[in-house]
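What follows is a short report on a single structure.
The values are calculated or read from the model by the stated rules, or taken from the named source; none is laboratory data. Computed from a predicted model, the values in this text were never measured in an experiment. Here the Cβ is made from the backbone with ideal geometry for all residues, glycine too, and neighbour counts use every protein chain on show. Heavy atoms of the whole protein, side chains included, go into the accessibility calculation; ligands, DNA and RNA do not. Shrake-Rupley method; radii C 1.70, N 1.55, O 1.52, S 1.80 Å.
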Amino acid sequence: MTSASHSPAPIGRFQHITNTLMAVCLGVMAVSVFINVVLRYGFGSGVAASEELSRLLFVWMVFIGATAAYPAGEHMAFTSLVGLLKNKPLPMKLMTIVIRIAVILGCALVGWGAWQQVVVGLDSKSVVLGYPTALLPLPALLCTAAIGVMALIELIQQTPLDLGHGAEVE
């Protein structure tokens, strides 16, 4: 691995909003769990909603992070085969199209499953907090929709693949 220095990309509005949302989720989770631990071990009681709230916020935080990672090029990338094509324009262009179509197809499949879970969850409530359980699969649906749209835009605009990823090609 090389130790090439990469200057961080400027943080856009989308990245700023997603970073803030993830920080809020993490902060509320940390405070909620901390208060629950103190109450359980210090006073023999606890907040029943703490675990349920933390689970919900964790799911949202993960999918917000996955959505923010896509435009930043921070998802896992297997560049060993594609990297061999970087000096061959036509095969590289075709592979880029195949990869983008695969991303869109994957988003459609995960999104369809998430949509089915959202529909099922509309009729049921969480045990402690009483929120609709559709809020648990909803971030997966929103994430796949956002990533699918971003990949479709990249496909239409014929955006080249970013093989940098801050690391050496495997």
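Under a Gaussian network description of the chain, with springs only between Cα atoms under 10 Å, the residue in I64, I147, I156 that fluctuates furthest is I156. Between E51 and L163, the contour length at 0.36 nm per residue exceeds the alpha carbon distance by 36.3 nm.
Leaving ligands, DNA and RNA out of it, report the carbon-plus-sulfur percent of the accessible area of the chain at a 1.4 Å probe. Let's see the in-between values first.
Details: 8100 of 11300 Å².
Of all accessible area on the chain, carbon and sulfur atoms account for 72 percent.
Helix 138-157 and the longest principal axis of the Cα set of the chain meet at an angle near 10°.
Per-residue ellipticity at 222 nm, computed for the chain from helices alone with -39500 (n - 2.57) per DSSP H run of at least four residues, works out to -22500 deg cm²/dmol. Residues in the range 80-170 average 64 Å² of solvent-accessible surface per residue, probe 1.4 Å, ligands and nucleic acids excluded.
Net charge in the neighbourhood of P132 (other residues with Cβ under 14 Å of its Cβ; Lys, Arg +1, Asp, Glu -1) is -1. Between L155 and E74, the FRET efficiency estimated from the beta carbon spacing at R0 = 30 angstrom works out to 0.95.
Seen through its C-alpha gyration tensor, with square-root eigenvalues sorted a ≥ b ≥ c, the range 32-127 comes out oblate because a/c lies at 1.5 or above while a/b is not bigger than b/c.
The long axis of helix 49-69 is offset from the longest Cα principal axis of the chain by roughly 10 degrees.
On full extension of the chain, what length is gained from Y131 through F43, given 0.36 nm per residue of separation minus the C-alpha to C-alpha distance? Intermediate values should be presented prior to the final figure.
Values: separation 88, 0.36 × 88 = 31.68 nm, distance 2.78 nm.
This chain segment gains 28.9 nm when fully extended.
Using a Förster distance of 30 Å, how high is the FRET efficiency between F58 and L81, based on the Cβ-Cβ distance and rounded to 0.05?
Calculated transfer efficiency: 0.30.
Could you tell me which of M76, V98, G65 has its Cα farthest along the dipole of the chain towards the positive end, charges placed at Cβ (Lys, Arg +1; Asp, Glu -1), taken about the Cα centre? Result: V98.
Helix 89-121 axis versus longest C-alpha principal axis of the chain: approximately 20°, rounded to the nearest ten.
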